[in-house]
1. With respect to the numbered conditions (1) of a type outside the set (D, E, K, R); (2) in a loop (DSSP other than H, G, I, E, B); (3) under 18 Å from the mean Cα position of the chain (by Cα), which one is the sole condition not fulfilled by SER12?
2. What do you reckon, is PRO88 touching a residue at least 40 places away in the same chain (Cβ under 8 Å), more than 16 Å from the ligand (Cβ to nearest atom) and out of contact with any Gly (no Cβ under 6 Å at 6 or more places or on another chain)?
3. Does segment 170-187 hold any residues that are within 16 Å of the ligand (Cβ to nearest atom), under 30 Å from ASP130 (Cβ atoms) and either acidic (Asp, Glu) or outside any strand (DSSP E or B) (or both), and which are they?
4. Taking segment 107-128 on its own, how many of its residues are touching a helix residue (DSSP H, G or I) at 6+ places or on another chain (Cβ under 9 Å), more than 16 Å from the ligand (Cβ to nearest atom) and either farther than 18 Å from LEU89 by Cβ or open to solvent by 70 Å² or more (accessible area, probe 1.4 Å) (or both)?
5. Scan segment 67-84 for residues that are within 9 Å of the ligand (Cβ to nearest atom), open to solvent by 10 Å² or more (accessible area, probe 1.4 Å) and farther than 13 Å from ASN51 by Cα and report the count.
6. Spot the failing condition for ASP93; the list is (1) at pLDDT below 95; (2) acidic (Asp, Glu); (3) under 22 Å from GLN127 (Cα atoms), and only one is missed.
7. Considering only segment 201-213, I want to know if a residue exists there that is in a helix (DSSP H, G or I), open to solvent by less than 30 Å² (accessible area, probe 1.4 Å), farther than 30 Å from LEU46 by Cβ and at pLDDT 95 or above.
8. State yes or no: is THR167 without any contact (Cβ under 8 Å) to a residue 12 or more places away in the chain, more than 16 Å from the ligand (Cβ to nearest atom) and not aliphatic (A, V, I, L, M)?
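The values are calculated or read from the model by the stated rules, or taken from the named source; none is laboratory data. All values derive from a computational prediction rather than experimental measurement. Here Cβ is always computed from backbone atoms with ideal geometry, including for glycine, and neighbour counts include all displayed protein chains. To get the accessible areas, we keep the full protein, side chains included, count just its heavy atoms, and leave off ligands, DNA and RNA. Shrake-Rupley method; radii C 1.70, N 1.55, O 1.52, S 1.80 Å.
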Amino acid sequence: MSKIKIAELFYSVQGEGRYMGVPSVFLRTFGCNFRCAGFGMPRGELSTEVNDIANRVHYYKTYNELPLVSTGCDSYASWDPRFKDLSPLLEVDAIVERIMEILPYGEWRDEHLVITGGEPLLGWQKQYPDLLEHPKMKGLKEITFETNGTMRLNKEFKHYLGEWTATEWDREITFSVSAKLPCSGEPWEDAIKPDRVVDYEDCGYAYLKFVIATEEDLKDAERAVEEFRAGGFKGPVYVMPVGGVERVYNLNNRAVAEMAMRKGWRYSDRLQVPLFKNEWGT
Ligand code: SF4
(Lines give C-alpha, C1' and ligand atoms only; values in the text may rest on other atoms or scores of the structure.)
Protein backbone atom coordinates (compact mmCIF):
# COMPACT_ATOMS: atom_id res chain seq x y z
CA MET A 1 0.00 0.00 0.00
CA SER A 2 1.19 3.54 -0.83
CA LYS A 3 2.62 5.71 1.92
CA ILE A 4 2.94 9.49 2.13
CA LYS A 5 5.07 11.43 4.61
CA ILE A 6 2.65 13.80 6.26
CA ALA A 7 3.75 16.94 8.10
CA GLU A 8 0.23 18.04 9.05
CA LEU A 9 -3.34 16.91 8.45
CA PHE A 10 -6.04 19.21 9.76
CA TYR A 11 -9.43 20.77 9.10
CA SER A 12 -9.77 24.54 8.84
CA VAL A 13 -11.03 27.41 6.73
CA GLN A 14 -8.98 28.05 3.61
CA GLY A 15 -7.37 31.43 4.26
CA GLU A 16 -5.89 32.21 0.85
CA GLY A 17 -6.63 32.42 -2.84
CA ARG A 18 -9.62 31.18 -4.80
CA TYR A 19 -11.20 29.11 -2.02
CA MET A 20 -10.78 31.69 0.75
CA GLY A 21 -13.42 30.95 3.43
CA VAL A 22 -14.22 27.42 2.22
CA PRO A 23 -14.07 24.60 4.84
CA SER A 24 -11.07 22.54 3.86
CA VAL A 25 -8.99 19.53 4.80
CA PHE A 26 -5.29 20.38 4.60
CA LEU A 27 -2.87 17.60 3.79
CA ARG A 28 0.63 18.99 4.22
CA THR A 29 3.19 16.68 2.66
CA PHE A 30 6.84 16.62 3.65
CA GLY A 31 9.60 17.86 1.34
CA CYS A 32 10.39 20.96 -0.70
CA ASN A 33 12.95 21.87 -3.36
CA PHE A 34 13.25 25.45 -1.98
CA ARG A 35 14.20 27.10 1.34
CA CYS A 36 12.78 30.63 0.94
CA ALA A 37 15.03 32.02 3.68
CA GLY A 38 14.68 35.55 2.27
CA PHE A 39 11.07 36.12 3.40
CA GLY A 40 10.80 39.01 5.86
CA MET A 41 14.51 39.85 5.53
CA PRO A 42 16.25 42.89 4.01
CA ARG A 43 16.84 42.14 0.33
CA GLY A 44 19.86 39.91 -0.21
CA GLU A 45 19.91 38.60 3.38
CA LEU A 46 18.78 35.15 4.46
CA SER A 47 17.06 34.23 7.71
CA THR A 48 18.74 31.90 10.19
CA GLU A 49 15.84 32.06 12.70
CA VAL A 50 15.02 28.39 12.26
CA ASN A 51 18.50 27.27 13.36
CA ASP A 52 17.81 28.04 17.01
CA ILE A 53 14.64 25.95 16.84
CA ALA A 54 16.49 23.12 15.10
CA ASN A 55 19.12 23.14 17.87
CA ARG A 56 16.36 22.42 20.38
CA VAL A 57 14.41 20.02 18.16
CA HIS A 58 14.51 17.21 20.75
CA TYR A 59 12.35 19.36 23.09
CA TYR A 60 9.45 19.19 20.66
CA LYS A 61 7.42 16.00 20.67
CA THR A 62 4.79 17.09 18.14
CA TYR A 63 4.65 19.38 15.16
CA ASN A 64 2.14 21.66 16.94
CA GLU A 65 4.62 22.51 19.71
CA LEU A 66 7.09 24.10 17.29
CA PRO A 67 7.51 27.91 17.50
CA LEU A 68 6.28 30.12 14.66
CA VAL A 69 8.89 32.14 12.79
CA SER A 70 8.64 35.72 11.55
CA THR A 71 11.29 35.35 8.83
CA GLY A 72 12.01 32.66 6.26
CA CYS A 73 9.56 29.90 5.32
CA ASP A 74 6.67 29.73 7.79
CA SER A 75 6.23 26.00 7.01
CA TYR A 76 9.89 25.19 7.70
CA ALA A 77 9.19 21.93 9.51
CA SER A 78 7.46 20.52 6.42
CA TRP A 79 10.75 20.24 4.52
CA ASP A 80 13.74 20.89 6.77
CA PRO A 81 15.37 17.47 7.34
CA ARG A 82 16.17 18.43 10.95
CA PHE A 83 12.42 18.16 11.69
CA LYS A 84 11.68 15.10 9.58
CA ASP A 85 10.98 12.84 12.55
CA LEU A 86 7.91 14.93 13.42
CA SER A 87 6.31 13.94 10.08
CA PRO A 88 5.20 10.29 10.01
CA LEU A 89 5.16 8.17 6.85
CA LEU A 90 1.52 7.07 6.78
CA GLU A 91 -0.28 4.46 4.73
CA VAL A 92 -3.09 5.77 2.55
CA ASP A 93 -5.69 3.91 4.69
CA ALA A 94 -4.49 5.69 7.83
CA ILE A 95 -4.57 9.07 6.08
CA VAL A 96 -8.14 8.48 4.87
CA GLU A 97 -9.28 7.34 8.33
CA ARG A 98 -7.86 10.51 9.85
CA ILE A 99 -9.60 12.63 7.19
CA MET A 100 -12.94 10.97 8.00
CA GLU A 101 -12.37 11.73 11.70
CA ILE A 102 -11.83 15.45 11.11
CA LEU A 103 -14.57 16.03 8.53
CA PRO A 104 -17.65 17.41 10.37
CA TYR A 105 -20.01 14.67 9.05
CA GLY A 106 -17.44 11.88 8.68
CA GLU A 107 -17.78 12.04 4.89
CA TRP A 108 -17.10 14.51 2.10
CA ARG A 109 -19.88 17.06 1.55
CA ASP A 110 -19.04 20.66 0.61
CA GLU A 111 -15.48 20.56 1.96
CA HIS A 112 -12.49 20.87 -0.33
CA LEU A 113 -9.10 19.17 -0.10
CA VAL A 114 -5.92 21.23 -0.09
CA ILE A 115 -2.76 19.29 -0.85
CA THR A 116 0.02 21.54 0.29
CA GLY A 117 3.57 21.44 1.57
CA GLY A 118 6.42 21.82 1.45
CA GLU A 119 6.11 21.26 -2.26
CA PRO A 120 3.32 18.70 -2.79
CA LEU A 121 4.28 17.91 -6.40
CA LEU A 122 7.88 17.09 -5.50
CA GLY A 123 7.71 13.58 -4.15
CA TRP A 124 4.21 12.14 -4.04
CA GLN A 125 2.67 12.26 -7.52
CA LYS A 126 2.77 8.45 -7.74
CA GLN A 127 0.95 8.05 -4.41
CA TYR A 128 -1.93 10.53 -4.89
CA PRO A 129 -4.01 8.28 -7.19
CA ASP A 130 -4.10 5.59 -4.46
CA LEU A 131 -5.28 8.18 -1.96
CA LEU A 132 -7.92 9.67 -4.25
CA GLU A 133 -9.20 6.26 -5.39
CA HIS A 134 -9.90 5.13 -1.83
CA PRO A 135 -13.66 4.37 -1.61
CA LYS A 136 -14.15 6.91 1.20
CA MET A 137 -12.68 9.68 -0.99
CA LYS A 138 -15.36 9.24 -3.65
CA GLY A 139 -17.49 12.19 -2.46
CA LEU A 140 -14.62 14.66 -2.82
CA LYS A 141 -15.32 17.20 -5.56
CA GLU A 142 -12.62 19.87 -5.37
CA ILE A 143 -8.88 19.68 -4.83
CA THR A 144 -6.27 22.43 -4.73
CA PHE A 145 -2.57 21.76 -5.09
CA GLU A 146 -0.69 24.60 -3.41
CA THR A 147 2.56 24.52 -5.34
CA ASN A 148 5.59 26.72 -5.98
CA GLY A 149 5.13 26.03 -9.70
CA THR A 150 8.50 24.45 -10.42
CA MET A 151 7.64 20.75 -10.60
CA ARG A 152 6.69 18.99 -13.80
CA LEU A 153 3.63 16.75 -13.67
CA ASN A 154 4.63 13.24 -14.60
CA LYS A 155 2.77 11.73 -17.55
CA GLU A 156 0.85 9.14 -15.51
CA PHE A 157 -0.30 11.64 -12.90
CA LYS A 158 -1.42 14.12 -15.54
CA HIS A 159 -3.43 11.36 -17.20
CA TYR A 160 -4.92 10.37 -13.84
CA LEU A 161 -6.01 13.94 -13.05
CA GLY A 162 -7.75 14.10 -16.43
CA GLU A 163 -9.65 10.92 -15.59
CA TRP A 164 -10.49 12.09 -12.05
CA THR A 165 -12.25 15.20 -13.35
CA ALA A 166 -13.89 13.36 -16.26
CA THR A 167 -15.65 10.73 -14.11
CA GLU A 168 -17.94 13.24 -12.33
CA TRP A 169 -19.14 16.43 -14.01
CA ASP A 170 -18.70 18.68 -10.96
CA ARG A 171 -15.15 17.73 -9.99
CA GLU A 172 -12.45 20.36 -10.26
CA ILE A 173 -8.69 20.53 -9.82
CA THR A 174 -7.03 23.86 -8.98
CA PHE A 175 -3.34 24.71 -8.97
CA SER A 176 -2.60 27.63 -6.68
CA VAL A 177 0.86 28.58 -7.89
CA SER A 178 2.85 30.62 -5.42
CA ALA A 179 5.77 31.40 -7.72
CA LYS A 180 8.70 32.68 -5.69
CA LEU A 181 10.02 36.20 -6.33
CA PRO A 182 13.52 37.40 -5.32
CA CYS A 183 12.18 38.44 -1.86
CA SER A 184 12.00 34.69 -1.11
CA GLY A 185 15.77 34.40 -1.54
CA GLU A 186 15.39 31.85 -4.37
CA PRO A 187 17.11 32.54 -7.74
CA TRP A 188 14.80 33.82 -10.49
CA GLU A 189 15.81 31.18 -13.05
CA ASP A 190 14.95 28.37 -10.61
CA ALA A 191 11.66 29.87 -9.49
CA ILE A 192 9.90 31.28 -12.56
CA LYS A 193 8.96 28.36 -14.80
CA PRO A 194 6.14 29.28 -17.20
CA ASP A 195 6.15 25.92 -19.04
CA ARG A 196 5.29 24.04 -15.81
CA VAL A 197 2.35 26.32 -15.01
CA VAL A 198 1.00 26.18 -18.57
CA ASP A 199 1.08 22.41 -18.16
CA TYR A 200 -1.02 22.68 -14.97
CA GLU A 201 -3.56 24.73 -16.95
CA ASP A 202 -3.98 21.72 -19.22
CA CYS A 203 -5.20 19.67 -16.23
CA GLY A 204 -7.31 22.19 -14.33
CA TYR A 205 -7.72 25.77 -13.22
CA ALA A 206 -4.43 27.51 -12.37
CA TYR A 207 -3.66 30.91 -10.93
CA LEU A 208 -0.53 32.74 -9.82
CA LYS A 209 -0.22 34.03 -6.27
CA PHE A 210 2.72 36.26 -5.39
CA VAL A 211 3.73 37.07 -1.82
CA ILE A 212 4.84 40.70 -1.75
CA ALA A 213 5.63 43.54 0.66
CA THR A 214 7.25 46.41 -1.24
CA GLU A 215 7.07 48.31 -4.54
CA GLU A 216 10.26 46.45 -5.54
CA ASP A 217 8.45 43.13 -5.03
CA LEU A 218 5.58 44.46 -7.12
CA LYS A 219 7.99 45.25 -9.98
CA ASP A 220 9.34 41.69 -9.71
CA ALA A 221 5.76 40.35 -9.85
CA GLU A 222 5.10 42.45 -12.99
CA ARG A 223 8.21 41.02 -14.65
CA ALA A 224 7.24 37.48 -13.66
CA VAL A 225 3.68 37.92 -14.97
CA GLU A 226 5.14 39.12 -18.31
CA GLU A 227 7.24 35.96 -18.50
CA PHE A 228 4.31 33.71 -17.60
CA ARG A 229 2.07 35.43 -20.17
CA ALA A 230 4.80 35.17 -22.84
CA GLY A 231 4.98 31.45 -22.03
CA GLY A 232 1.23 31.09 -22.67
CA PHE A 233 -0.24 31.28 -19.15
CA LYS A 234 -3.82 32.62 -19.24
CA GLY A 235 -5.09 32.45 -15.64
CA PRO A 236 -5.60 35.19 -13.05
CA VAL A 237 -2.97 36.79 -10.81
CA TYR A 238 -3.26 37.28 -7.05
CA VAL A 239 -0.98 39.19 -4.72
CA MET A 240 -0.86 38.37 -1.03
CA PRO A 241 0.90 40.22 1.82
CA VAL A 242 4.06 38.84 3.41
CA GLY A 243 3.45 37.92 7.03
CA GLY A 244 3.23 34.60 8.82
CA VAL A 245 2.78 36.54 12.08
CA GLU A 246 0.15 39.23 12.67
CA ARG A 247 2.64 42.02 13.43
CA VAL A 248 4.24 41.69 9.96
CA TYR A 249 0.96 40.97 8.14
CA ASN A 250 -0.69 44.08 9.62
CA LEU A 251 2.15 46.24 8.35
CA ASN A 252 1.54 45.56 4.69
CA ASN A 253 -1.89 44.02 3.99
CA ARG A 254 -3.55 47.32 3.06
CA ALA A 255 -0.60 48.45 0.91
CA VAL A 256 -0.69 45.12 -0.96
CA ALA A 257 -4.46 45.41 -1.50
CA GLU A 258 -3.87 48.86 -3.01
CA MET A 259 -1.13 47.49 -5.27
CA ALA A 260 -3.52 44.77 -6.45
CA MET A 261 -6.19 47.38 -7.27
CA ARG A 262 -3.70 49.49 -9.21
CA LYS A 263 -2.65 46.53 -11.34
CA GLY A 264 -6.14 45.06 -11.80
CA TRP A 265 -4.96 41.88 -10.09
CA ARG A 266 -6.74 40.00 -7.30
CA TYR A 267 -5.94 40.46 -3.63
CA SER A 268 -5.59 37.40 -1.48
CA ASP A 269 -5.77 37.74 2.26
CA ARG A 270 -4.16 35.34 4.73
CA LEU A 271 -7.24 34.76 6.86
CA GLN A 272 -5.38 32.25 9.00
CA VAL A 273 -3.23 35.07 10.43
CA PRO A 274 -5.96 37.39 11.87
CA LEU A 275 -8.34 34.46 12.61
CA PHE A 276 -5.98 31.91 14.10
CA LYS A 277 -2.62 33.70 14.50
CA ASN A 278 -1.27 31.28 11.88
CA GLU A 279 -0.87 28.56 14.51
CA TRP A 280 0.02 25.06 13.31
CA GLY A 281 -3.12 23.20 12.34
CA THR A 282 -4.92 26.27 10.99
S1 SF4 B 1 8.33 26.86 -1.58
FE2 SF4 B 1 6.85 27.13 0.09
S3 SF4 B 1 7.22 25.39 1.50
FE4 SF4 B 1 8.97 25.52 0.10
S5 SF4 B 1 10.45 26.72 1.25
FE6 SF4 B 1 9.30 28.15 -0.07
S7 SF4 B 1 7.62 28.91 1.20
FE8 SF4 B 1 8.47 27.08 2.20
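1. (2)
2. yes
3. Residues satisfying the conditions are SER178, ALA179, LYS180.
4. So the count comes out to 5.
5. Residues meeting the conditions: 3.
6. Going through (1) at pLDDT below 95; (2) acidic (Asp, Glu); (3) under 22 Å from GLN127 (Cα atoms) one by one, ASP93 breaks only (1).
7. no
8. Considered against the rule, which asks whether it is without any contact (Cβ under 8 Å) to a residue 12 or more places away in the chain, more than 16 Å from the ligand (Cβ to nearest atom) and not aliphatic (A, V, I, L, M), THR167 comes out as yes.
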